[in-house]
Amino acid sequence: MGLFKDQGVVYKPVEEVDLGPKSDHVYLRANVKAPRMAGLLVKIFTWFLESRIFGTILVYMLKKNNLIHKLVTNAQLEESPLYVPLHPFEDLKEQEVKCIDSKLSPPEQVQQAMDCLPNSSEKSLRGLQSSFRHWTILDYSRAYNLKEITPRMVAERFIAAVNESSNPPSRMSFFIDYNAEDILRQADKSTLRYEQGNPISILDGIPIAIKDEIDCSPYPTTGGTKWLHKVRPCTGDASCVKCLRLCGAILVGKTNMHEIGAGTSGINPHYGATRNPYDISKIAGGSSSGSAAVVAAGLCPVALGVDGGGSVRMPAALCGVIGLKPTFGRIPHNGYAAMNGQLPPDQPTRPKLYFPLLNPTKSISDVKMAKYAEWFNDCSDDIRTCCSKALDKLQEHYSWKIVEVTIPEIEVMRLAHYSTIGSECSTALSSHLEKLKPEEIGWDARVALSVYGSFSSKEYIKAQKIRNRQMQFHMKIFAEADVIVSPTTGVTAYPIQDDASETGELDYINGAALVRYSIAGNFLGLPAVTVPVGYDKLGLPIGLQFIGQPWSEPTLIHIASAMQAICKPDYKKPEVFYNLLKKD
């Protein structure tokens, strides 16, 4: 294709780029040129894409039309490549925090974290059920200690709810796998500990779901596929799961996800489309679709996901729950089926862990929130209006400040991240894919893998150079502000169409809108949190996102808590909701 080489962009040196509000930088909207396809159209497109001759031409045209050649492949930039967004730990001297002793056992660490939460009276749940609310870990623990309910009773209700939700008319497809016998066994042990007055921690008896990309015995780890567990057997719990188990949590199963994490809708042709509890005709988002949906539906107060490209934050926003993505390297990654993106290298010592001292009547002061107006406003009217009002309320309640900035080359960063995560996914799975029959992989995943495998070493290295540029841009912004604020997604949950059930779907326009605000968290290894702040005209949830500098999770939690306190009185009950703590 050398005869048709596209002219690449020549990027200014970083030090010459103005990040101020009056910058002459032109905001580039996503230039997605690909029609939605599902059913027979996806099959035909896949057959052509996988052919040697037509496939090469199709991939070339896709990259050209979507500006990958212009903005990444043939771009000219002087920065050196940055291959891993690993940040040396820095003690940020954040406001109102407590250092958690890393030498303590997981239950002891949980207790130290509990000491940072506001005091709450031992009040019965009977007085709390007059209006809707999602039950929290504290609510479950309080109910257990007051003997209003037992972990065994919660487990039985959970199993009944999952069975009901898996069948018509809802067919929610929350889980890929769950084992009722194992759940009840864990619940019985927890119930006995409460009867003896000796719960392990506040997490004892708490139902927690695990995304099926994270190892959790006794379940296989499928990654949303029909084959991964056959070539990569689960040999034990991932580190994060092991800690939860040591604290007495009831691990209730493996949640549904987009196949190999290669999509944003959560529509899985093998295990069903995870449906949004606020409207079962709409998507839950992906790829951690099941984890967000089970929390929204009240089946668990918390669930684990994996965020390689907004995969925790997007479904959390669409399903109306909080989603936290930590700093790259914060969580040990052993026991994780790495399919999308790099794993951080092993570190001899874990970074210090600080927990925010949350105060229900007062929050931290002098918070500066960076806002890039053109990017912030590149979303639906309902989202823009809702998020702007939420931001106004934050300023009004806490006197926090908005710092107007320009974040250059955001669309370039999205394409560079796509090139990166695609290359790394293709490399990670290549030895397995060579042994698979095409029919073992979903049609939409086959398309993704064909494109992923097309990225060249040149494109990969150019993408890492772009990562370096973006890292420098963002660090300069964080020198002036504590967080960057944006909507979490550009659109709310959209309809699940019938033709996607067998093949999945290709909807890159909606996909680009969903992922628009997520990329910096992954490409640059930054922590981020999404908080539900309202609803669109159809009653679908909207999330507001705060992106922090490396290791600033305590500040993000402070801000999320403050935002939630303002919005919580207006939270609405989902269409599908199971109250596991209800009084008979």
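Here is how the numbers come out for the structure above:
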| quantity | calculated |
| --- | --- |
| Matching entry among Q76, Q95 (being in contact with a strand residue (DSSP E or B) (Cβ under 7 Å, 6 or more places away or on another chain) and open to solvent by 40 Å² or more (accessible area, probe 1.4 Å)) | Q76 |
| Qualifying residue in region 5-18 (condition: closer than 30 Å to F376 by Cβ, outside any loop (DSSP other than H, G, I, E, B), open to solvent by less than 50 Å² (accessible area, probe 1.4 Å) and at pLDDT 95 or above) | yes |
| Residue count for region 403-420, restricted to those that are over 25 Å from D18 (Cβ atoms) and open to solvent by less than 40 Å² (accessible area, probe 1.4 Å) | 2 |
| Test set (1) within 30 Å of C247 (Cα to Cα); (2) open to solvent by 30 Å² or more (accessible area, probe 1.4 Å); (3) in contact (Cβ under 8 Å) with a residue 40 or more places away in the chain - H87 fails condition number | (2) |
| Where T327 falls short, out of the listed (1) more than 16 Å from the chain's Cα centre (by Cα); (2) open to solvent by less than 10 Å² (accessible area, probe 1.4 Å); (3) over 26 Å from V451 (Cβ atoms) | (1) |
| Residue within region 466-482 that is open to solvent by 10 Å² or more (accessible area, probe 1.4 Å), within 26 Å of P438 (Cα to Cα) and of a type outside the set (D, E, K, R) present | no |
| Matching entry among L146, L138 (being modelled with pLDDT of 95 or more, open to solvent by 50 Å² or more (accessible area, probe 1.4 Å), within 23 Å of V321 (Cα to Cα) and not polar (S, T, N, Q)) | L138 |
| Residue within region 51-66 that is closer than 25 Å to G525 by Cβ and surrounded by fewer than 13 Cβ atoms within 10 Å (Cβ to Cβ) present | no |
| Scan of region 23-55 for residues that are more than 30 Å from R446 (Cβ to Cβ) and without any contact (Cβ under 8 Å) to a residue 40 or more places away in the chain, ordered by number | D24, V26 |
| Flag for P332 being closer than 25 Å to R232 by Cβ and either basic (K, R) or at pLDDT 95 or above (or both) | no |
| Residues that are touching a Lys or Arg at 6+ places or on another chain (Cβ under 8 Å) and surrounded by 20 or more Cβ atoms within 10 Å (Cβ to Cβ), drawn from region 377-387 | D378, C379 |
| Region 540-567, residues that are closer than 30 Å to P495 by Cα and open to solvent by less than 20 Å² (accessible area, probe 1.4 Å) | L540, P541, I542, G543, L544, Q545, F546, I547, A560, M563, C567 |
| Test: residue in region 165-173 that is under 24 Å from the mean Cα position of the chain (by Cα), open to solvent by 60 Å² or more (accessible area, probe 1.4 Å) and either of a type in the set (V, I, T) or at pLDDT 95 or above (or both) | yes |
| Pairs where the first residue, in region 104-117, is in contact (Cβ under 8 Å) with a residue 12 or more places away in the chain and the second is open to solvent by 50 Å² or more (accessible area, probe 1.4 Å), C-beta under 6 Å, 6+ apart | P106/C243; P106/L246; P107/I200; A113/F355; C116/K98; C116/F355; C116/L357 |
| Selected residue (criterion: surrounded by the most Cβ atoms within 10 Å (Cβ to Cβ)) from residues of region 388-402 that are hydrophobic (A, V, I, L, M, F, W, C) and within 26 Å of the chain's Cα centre (by Cα) | L394 |
| Count of region 174-211 residues which are within 22 Å of V295 (Cα to Cα), open to solvent by 10 Å² or more (accessible area, probe 1.4 Å) and aliphatic (A, V, I, L, M) | 5 |
| Search result, residues across region 19-50 that are hydrophobic (A, V, I, L, M, F, W, C), assigned to a loop (DSSP other than H, G, I, E, B) and open to solvent by less than 100 Å² (accessible area, probe 1.4 Å) | L19, L28, A30, V32, A34 |
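The values are calculated or read from the model by the stated rules, or taken from the named source; none is laboratory data. Since the structure is predicted, the reported quantities are computational estimates derived from the model, not experimental observations. Cβ atoms come from the backbone with ideal geometry, glycine included; neighbour counts cover every protein chain shown. In case anyone asks, the SASA skips ligands and DNA or RNA and just uses the protein heavy atoms, side chains included. Shrake-Rupley method; radii C 1.70, N 1.55, O 1.52, S 1.80 Å.
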